[in-house]
Amino acid sequence: MSDRVGMGVVGAGSIGIRAALQHLCLEDVQDRTWLAAVCDPVPGRAQAAAERYGVAHAYERYEDLLEDAGVDAVTLGSPIGVHYEQGLLAIRAGKHVHFNKTMTTTAAQATELIDEAAAHDVKLVASPGQMLRPLNLRIRKLIQEGALGRLAWAATGAAFGTYHENEGVRQGDDVLSNINPAWYWRKPGGGPLWDMTVYGLHSLTGILGPAKRVTGMSGVAVAEREFQGQVYPCDADDNTFLVLDFGDNVFGFVYGALAGMLSSFGQATIFGTRGSISGGTLNGQPIDYPGREEVEASSAGDNILLPHVVGPHREMGESHVFEDIMQLVDWAREGKPSLATAEHARHVIEIFEAGYRAAETGETQTLTTTFEPPDGA
């Protein structure tokens, strides 16, 4: 590989455009990476994306992108249900892989990808890299130092809503702006757990460490959704509530709901005998962490503290996913491992998988995967 990582963007849909193409075409990253190829099965979409964002090659077939010698790494912005197969093919082709949330839909698939990556000496980075955020590292350290006393319980989650139907990239009439969101409503990989709760659960497990058991209830509350006048059946659970056991009688409440949120998106609320941490506050007072004042002065949130989110990237959408892509670039170029590990992603995947199984069977499930949380700061 040359000094620059040739990136293949897989999927020129919403995430492929906003998280990869729009960021990676900018001048400030060209010293480290370049857009070698883009692929999308929708006729004309990859070519249109290549022309708009200056990508060297456009393909409709994923296999053709993997055969492109200029592609050193791929970022998978395709539907979650195909990530395992696409990731496996990329690894076996010797490509480094960034998985947009999530890697797979089963822990066994994730383990296979991790083992294959080791065998082929390629790197894996799995979104969302929530423990790259200084606030989460500081919260972990505060808890380790006893700021909350004896831990009791925590909560995190998200509500599905209808935001995908209303995204700007889905309202136009050209091939790059009429992207159908229906896969979000179907198995495998659809529903609020995989799409949104994944952020908060990465934060919660990154802060508290791996969970040991899970139980829950889940179902489909909205059986049909409409997009551009067409009705689509929905079989992905959209109303899921899980209880986690972290050991030592510390429990967690995790939800991917049809509506309603208890905590800030992507964050956790954690309770102990000395009070609570909610978002960026400890007992109602702001938590001090590196860059807090800069975040408070910005309208872009704490994405601006991610190491690669500088200059124009700060004002752009999906900058946190761009950060995870650049984590892979750094690892490939410099041998610098990322905190957005495949092992952490696998543990979150197992919680979702086992949670659904618990809901189906009525039996609490023991978790078998683990990961090493980062040091607090």
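The values are calculated or read from the model by the stated rules, or taken from the named source; none is laboratory data. No experiment lies behind these values; they were computed from the predicted model shown. Positions of Cβ are backbone-derived with ideal geometry, glycine not excepted, and every protein chain shown enters the neighbour counts.
Give 182, 155, 108 a once-over and let me know the one that is without any contact (Cβ under 8 Å) to a residue 12 or more places away in the chain and either in the same structural domain as residue 279 (by TED's automatic domain parsing) or within 27 Å of residue 354 (Cβ to Cβ) (or both). Steps first, answer last, please.
On the way: 182 fails: without any contact (Cβ under 8 Å) to a residue 12 or more places away in the chain; 155 fails: without any contact (Cβ under 8 Å) to a residue 12 or more places away in the chain.
When all the criteria are applied, what remains is 108.
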Where residue 193 falls short, out of the listed (1) modelled with pLDDT under 95; (2) under 17 Å from residue 262 (Cα atoms): (1)
Could you check, for segment 294-302, whether at least one of its residues is closer than 30 Å to residue 9 by Cβ, of a type outside the set (Val, Ile, Thr) and not assigned by TED's automatic domain parsing to the domain that holds residue 145? no
With the checklist (1) of a type in the set (Gly, Ala, Ser); (2) over 17 Å from residue 86 (Cα atoms); (3) surrounded by 15 or more Cβ atoms within 10 Å (Cβ to Cβ) in hand, flag the one item residue 37 doesn't pass. (2)
Select the strands (runs of 3 or more DSSP E) contained entirely in segment 4-72, then report the ones holding at least 1 residues which are closer than 20 Å to residue 94 by Cβ and within 18 Å of the chain's Cα centre (by Cα). 5-10
Cβ pairs under 6 Å, 6+ apart or interchain, first in segment 283-295 and closer than 28 Å to residue 273 by Cβ, second of a type in the set (A, V, I, L, M, F, W, C) and assigned to a helix (DSSP H, G or I), ordered by first then second residue, are 289/135
Could you say which residue among 323, 334 is out of contact with any Gly (no Cβ under 8 Å at 6 or more places or on another chain) and either closer than 29 Å to residue 34 by Cβ or not polar (S, T, N, Q) (or both)? 334
Search result, residues across segment 205-239 that are in contact with a Gly (Cβ under 6 Å, 6 or more places away or on another chain) and among the aliphatic types (A, V, I, L, M): 214, 236
How many residues are under 26 Å from the mean Cα position of the chain (by Cα), modelled with pLDDT of 95 or more and among the polar types (S, T, N, Q) when one looks only at segment 277-301? 2
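Any residue at all in segment 352-370 that's within 24 Å of residue 290 (Cβ to Cβ) and assigned by TED's automatic domain parsing to the domain that holds residue 215? Can you show your working first?
Restricting attention to segment 352-370, the residues satisfying the condition of being within 24 Å of residue 290 (Cβ to Cβ) are none.
No, because not a single residue in segment 352-370 is within 24 Å of residue 290 (Cβ to Cβ) and assigned by TED's automatic domain parsing to the domain that holds residue 215.
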